[in-house]
Structure formats: C-alpha cells, structure tokens
Amino acid sequence: MKNTSTIALLVVVVALAFTRTVAAAETGSKPAASKGVAVVFVGLDDKALADQVVAFMATNLRCPVRQLPTITQIEKDPGKEAEALSKRMEVQDGMLIALFNVPEKVSFAGGTFQTKNVAMVNIRHLRPEPLDGELAQQTYLWRVEKESMRAVALLAGAQDCPFPRCAIFAAKNDPELDRKARNFCPPCYGKVESLLKARGITVAE
Ligand SMILES: [Zn+2]
C-alpha cells in the first residue's frame, strides 16, 4: 500500500516537473517558430468564403496560412484598427491580412500598415451586386483571392506590378480586376517568396 502511494506521488512529481520544463521551453529562449500568414474576417462571418480563400492562399503562397476567429468590433480610426488587429497576432503569425466584410461603407478599410504588420482589404467593395448565381459567387471569390494575394505581396514589401495579368497589378475597375490572374507572375512570385522568407515566414521549396 505504501509502495503504491510512493509510486503515485512520484508520478505526480515527474508530471509536474515535465509540465514546468515544457512551460519554460515555450516562454524561454526557444528558436523562433516557423511563421505563416494570419487571415481574419472583420464584420460579418462568411465561413464558406473564408475557408476557400485561406486554402487558396496556403496552396499558392506555399506557406502556413491560419484563420483567426471573425472579429465583429470595428474601430472608427484606421490607425487604431490596425493597432487593434496587430494585437490579435501570435508568435507564429508573420503578418495579418484583415478582410472587411461590412455592409456599411467603411472608407478606411483598405491599406497596408507596414509598422503594424497588417493589411486591410474591404471585400464588400469587391462584391458583385446582386450576388446571386454561380457566376457571381465565383467572380466574388476570385476577386477576394486576387486582392488577398496582392495584400500579402504589398505588405511583404513588393511594388505594384505593371503586368495586367499579375495579381499584384493595381486594377482600377472591375473589368481590370476580373481580367487579372489570381496568382503572381513568375518574377513577382520570386520576389514575394524572398520577402516572405526575410520575415521568417516558411515557404515550401
Ligand atoms: Zn507581377
């Protein structure tokens, strides 16, 4: 009986010691974890759209892309919004792409905030009206994918691409937006890849 208690106590002590070691390793001088891109919807939830955009980005950026829970609160000032968004990032997030899905006109909801590591895209502006039928749905999804890829590139430090088919091309209207590809042209891809790597983001070879 005494032996059993001793063994049980020993197990507890070993378990506690192990927990402490793990906790110390997580907060201590562990080498930087491999980073990825975080994506968050702000405003209305659209799980189907978010899942598809995140999957597209992960495949085409070839880096980890994780989705944060949708945020419903929006700050009035873009600077404050960028600040609030940046606080949502965790150690594994090399940058944050915020997709604003708000019915009201939110004029500031677009832009790159280098110091905060945050880019905002107002996806409501990308939405074909009315959004009914398969073609409209697909057009919307592709527009969101294109502008999310562009946001990653610009936040990483790339410049607008003059090639109208490249995702980083700055489309001035819907036809231009719909004509461009969802991915980067080869030179831009190489540039974005090295810019992401320079930020500690893991890009698969
Ligand atoms: Zn390009």
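Read-outs throughout are calculated quantities, based only on the coordinates presented, and are distinct from any laboratory measurement. Since we're looking at a predicted model, the values are computed, not measured. Neighbour counts run over all protein chains shown; Cβ positions are idealised from the backbone, glycine included.
Yes or no, residue by residue, for (1) within 15 Å of Leu61 (Cβ to Cβ); (2) in contact with a strand residue (DSSP E or B) (Cβ under 7 Å, 6 or more places away or on another chain); (3) in contact (Cβ under 8 Å) with a residue 40 or more places away in the chain:
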| site | (1), (2), (3) |
| --- | --- |
| Asn101 | no, yes, yes |
| Glu134 | no, no, no |
| Leu154 | yes, yes, yes |
| Pro162 | no, no, no |
| Asn173 | no, no, no |
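Of all the residues in the stretch 165-177, those that are within 14 Å of the ligand (Cβ to nearest atom) and surrounded by 13 or more Cβ atoms within 10 Å (Cβ to Cβ) number 6.
Taken as a whole, the condition of being part of a strand (DSSP E or B) and surrounded by fewer than 19 Cβ atoms within 10 Å (Cβ to Cβ) applies to Pro69. Candidates in the stretch 178-188 are the residues that are near the ligand (Cβ under 8 Å from one of its atoms) and surrounded by 15 or more Cβ atoms within 10 Å (Cβ to Cβ); of these, the one that is farthest from the chain's Cα centre (by Cα) is Cys185.
One residue alone among Arg199, Arg127 is away from the ligand (no atom under 13 Å from the Cβ), without any contact (Cβ under 8 Å) to a residue 60 or more places away in the chain and under 21 Å from the mean Cα position of the chain (by Cα), and that residue is Arg127. Put simply, of Phe100, Phe184, Phe169 the only residue that is touching a Lys or Arg at 6+ places or on another chain (Cβ under 7 Å) and closer than 22 Å to Ala50 by Cβ is Phe100.
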